[in-house]
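Structure first, commentary second.
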Amino acid sequence: MVLNHKPSIEFGVIGLGRFGTALAISLAEAKKEVLVLDSNESKIKNIRSYTDNAFVVNDLSKETLEEAGVQNCGTVIVCIGEKIDISILTTLNVISLGVPRVIAKALSKEQGKVLEKIGAEVIYPEHDMALRLARRLISSRVMDYISLNDGITISELKLTSKIAGQTVLQASLRKRFKLNIIAVEHNHKTTTDITPELVLYENDVMVVVGKRDHIQKFENYLMNGK
């Protein structure tokens, strides 16, 4: 079996479950070149309306992946979290083909540790989405957040009257809460040019970066003044 493929493909997606399908479609709609592999013919047929580089593969051996052109991808995402043995073996095969960046989906910390040991970046889609939803449900002021490494978080917060009318300098978030302001949205207009003179208003949306507990402290201040 020899499959036609273009050189230097930006992304490869292996496995068309819900996560893999959504990822492949999102990348394709963003005008990225995507190589997609799955054993299910109907899933591959459906994804071909988004990318021509979609192929049915009966196994995920190193030879099959190489025939499909996986080694030409800059980044490959292995989306086979449910079948742990296949997930690990496929990830190892992709890494052995010299792909610069390999990301693998994991469903458990144990699975993730193994994937990390063989050289993959690990993502936990279901776990991360659950955390984001829980965070939004328990907090009326935190609109969304992204968790980074080492306990650092990027959060969107809706401002209250506690700091309405203050400038960035007067609010002094860096000194009081150890937070850095990335952006402020006011009247549906977003600015990333955060000057000390920028005035803050109630219901503005502020994007900050800092440790989770510092963001929680700032959120408590917005709600309770403490």
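The values are calculated or read from the model by the stated rules, or taken from the named source; none is laboratory data. None of these values were measured; they are calculated from a predicted model. In this analysis, Cβ positions are derived from the backbone assuming ideal geometry, glycine residues included, and neighbour counts consider all displayed protein chains. Heavy atoms of the whole protein, side chains included, go into the accessibility calculation; ligands, DNA and RNA do not. Shrake-Rupley method; radii C 1.70, N 1.55, O 1.52, S 1.80 Å.
General observations
- Dipole of the chain computed with +1 at Lys/Arg Cβ and -1 at Asp/Glu Cβ about the Cα centre; of Val168, Val208, Ala104, farthest Cα towards the positive end is Val168.
- Ranked by the mean number of other Cβ atoms within 10 Å per residue, highest first, peptides 157-164, 183-190, 104-111 order as 104-111, 157-164, 183-190.
- Taking only the alpha carbons of the stretch 1-101, we obtain Rg and Dmax values of 12.0, 33 Å in that order.
- Set of lysines with alpha-carbon distance to Lys32 below 20 Å, sequence-local pairs under 8 removed: Lys6, Lys43, Lys45
- Applying the criteria of a DSSP loop state and at most 14 other Cβ atoms within 10 Å to the GluC sites (Glu not before Pro) of the stretch 1-96 yields Glu82.
- Crossing angle, helix 84-96 versus the chain [Cα axis fit, 0-90 degrees, rounded to tens]: 80
- A prolate overall shape is assigned to the chain, the ratio a/c of its alpha-carbon gyration tensor axes (a ≥ b ≥ c) being 1.5 or greater and a/b exceeding b/c.
- Projected label distance in nm at Glu116 and Thr191, using a 7 Å step from Cα toward the beta-carbon: 4.1
- Sulfur and carbon atoms: percent of accessible area, the chain [1.4 Å]: 52
- Ratio Rg/Rh, restricted to the stretch 44-95 and using Cα atoms, in which Rh is the Kirkwood radius: 0.96
- Each of Lys32, Lys175, Lys113 has its accessible area taken with a 1.4 Å probe; listed largest first, they run Lys175, Lys113, Lys32.
- Tilt relative to the chain, helix 125-138 - C-alpha long axis, 0 to 90 degrees, to 10: 20
- Partner lysines whose Cα lies under 20 Å from the Cα of Lys113, excluding those fewer than 8 positions away in the same chain, are identified as Lys83, Lys105.
- Whole-number D in µm²/s for the stretch 152-226 (Stokes-Einstein; Kirkwood sum over Cα pairs; 25 °C, 0.890 mPa s): 203
- The C-alpha atoms of the chain define a longest principal axis, and helix 18-29 lies at about 80 degrees to it.
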